[in-house]
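Heads up: the structure comes next, in structure tokens.
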Amino acid sequence: MSKHHHRDRSWAPAPEPLPQDAQTIDNHTHVASVIPFARAMSHEAQEKGQPEVPVYDVDQLLAQAQAVGIGGIIDCGCELPHLMTAVQMALDYPGNVHAALAIHPNESVLHGHRGVPGPDGLPLKYKPYHDTSFENALAEVHRLATTYPEQVVAIGETGMDLFRTGEGAKELQREAFRAHIALAKELNLPMQIHDRDSHREVIETLLADGAPERTVFHSYSGDREMGEIAREHGWYLSFSGTVSYKGNDGIRESLRIVGLDHAMVETDAPYLTPMPYRGRTNAPYMIPYTLRAMADTLDLPIADVARGTRNTTRVVYGV
């Protein structure tokens, strides 16, 4: 097989920049993770006889985003060692970077070594920092959020992930989610939700405990019915590259249901790269591709969608 048939691992070309008055914000990304991801991509490319892929640093990744009209990012730290990484990035790039902090649902059950293998079939992998109890890990989220109130603008990503964890740890994940809900309400911060194979459980928990005033489903993956529930409760939906994937009519339908005043845009970089570049490394500069898919769904000009997502992001996070 000749090498041009291999998966393309290079960076996607820069999209056309957004108009000056239509800049927007990537409200959920993991910029620090883009760097090792790109390094792995380059390594794979070279093994396949493809040219190496450049590895950009945080400075370059943020500059590339600004060049196409992405005026800021909310960087998500959701593992204990990465909490301060996100805060530090916000300190280093004031006004351009803000942080969201939480203990990810998949991490929550690893703390204190309480994990149970899930349907994804992956083995449990404990790291030294998992010796810390979940309670102490969450206490660090609380400490950083109160120490750096200018930098930390959200609690997230939290929620449930029943693809990664087995039935035996499901209620532990739910307890961790409930603790984050309480924390977001205590600090009056918006909350970003990760829900994988757990839409029903997450919604039940939000309704039982009372959702934070500003509740965001990050990289929204629900169906039409869930879009209706979100609209009814005033929840916000954040759309990633998955809104551009062929089979995801339910995601697009939900965007039409909640409308632009409850919609935001994100990369979840380095994952979920929008079409037609799925499978390559994602980064904040690729937001306009996702905005294009949203614009097509809503039958609106891309500038209107960019402005709408920016306004919603301001309302939700105050950035």
Taking the stretch 86-187 as the region of interest, what is the percent of Cα-Cα pairs per 10 angstrom bin, listed from the shortest bin to the one with the maximum distance?
16, 43, 30, 11, 0
For Tyr148, Tyr285, what's the largest-to-smallest order of accessible area, 1.4 Å probe?
Tyr148, Tyr285
For a quick check of your reading of the filter: which GluC sites (Glu not before Pro) in the stretch 111-154 sit in a DSSP loop and have no more than 11 other Cβ atoms within 10 Å?
Glu150
Can you give the local net charge around Glu266? Use residues other than it whose beta-carbon is closer than 12 angstrom to its beta-carbon, Lys and Arg +1, Asp and Glu -1.
-4
Out of the total accessible area of the chain (probe 1.4 Å, heavy atoms of protein only), what percent is carbon and sulfur?
51
Counting heavy atoms of the protein chains only and a 1.4 Å probe, report the per residue accessible area for the stretch 12-126 as a whole number of Å².
43
By the scheme Lys and Arg +1, Asp and Glu -1, what is the net charge of all other residues having a beta-carbon under 15 Å from that of Val153?
-3
What spacing in nm lies between the two simple spin-label points modelled at Lys125 and Leu300, each 7 Å away from Cα in the Cβ direction?
4.0
Using 0.36 nm times the number of residues separating Asp223 and Leu207, minus their current alpha carbon distance, what extension gain do you get?
3.9 nm
How big is the gap, in Å, between the Cα center of the stretch 231-310 and the Cα center of the stretch 43-69?
23
If you project the alpha carbons of the stretch 17-100 onto their three principal axes, what span does each projection cover, largest first, in Å?
42, 37, 18
What relative contact order, as a whole-number percentage, does the chain give when Cα pairs under 8 Å and 6 or more residues apart are counted?
21
For the stretch 140-219, with every protein chain kept in place, what is the accessible area per residue (1.4 Å probe, Å²)?
40
If I model a spin label as a point 7 Å beyond the Cα along the Cα-Cβ vector, how far apart are those points for Met275 and Glu135 in nm?
4.9
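How many Lys pairs in the chain lie less than 24 angstrom apart by Cα atoms, where the lysines are 8 or more positions apart or on different chains?
Step by step, the pairs that qualify in the chain add up to 4.
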Quick one: compute the contact order of the stretch 149-269, relative version, from alpha carbon pairs under 8 angstrom and 6+ residues apart, as a percent.
22
Using the heavy atoms of the protein chains alone and a 1.4 angstrom probe, what is the accessible area of the stretch 221-264 per residue in square angstrom?
42
Which length gain, in nm to one decimal place, applies between Thr85 and Glu16 when the Cα-Cα distance is subtracted from 0.36 nm times their residue separation?
21.8 nm
Full-extension gain in nm, Arg7 to Glu150, via 0.36 nm per residue minus C-alpha separation:
47.3 nm
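Treating only the Cβ atoms of Lys and Arg (+1) and Asp and Glu (-1) as charged, compute the dipole magnitude of the chain about its Cα centre; round to the nearest 20 debye. Each step should come with its number before you reach the end.
Details: 28 positive and 42 negative charges, 114 e Å.
Charge dipole of the chain: 540 debye, to the nearest 20.
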Put +1 on the Cβ of each Lys and Arg and -1 on the Cβ of each Asp and Glu in the chain; which of Gly112, Ser133, Gln50 then has its Cα farthest toward the positive end of the dipole?
Gln50
Add +1 for every Lys or Arg and -1 for every Asp or Glu among the other residues with Cβ under 13 Å from the Cβ of Asp57, and state the total.
-1
For the chain, share of DSSP beta bridges that run antiparallel, in % to the nearest 5:
5
Cβ-based charge dipole, the stretch 83-228, positive-most Cα from Ala176, Leu189, Tyr93:
Tyr93
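The values are calculated or read from the model by the stated rules, or taken from the named source; none is laboratory data. Bear in mind the structure is a predicted one, so any value in this text is a computation, not a measurement. We place every Cβ from the backbone using ideal geometry, glycine too, and count neighbours over all the protein chains shown. We work out accessible area using only protein heavy atoms, side chains counted, and drop any ligands, DNA or RNA first. Shrake-Rupley method; radii C 1.70, N 1.55, O 1.52, S 1.80 Å.
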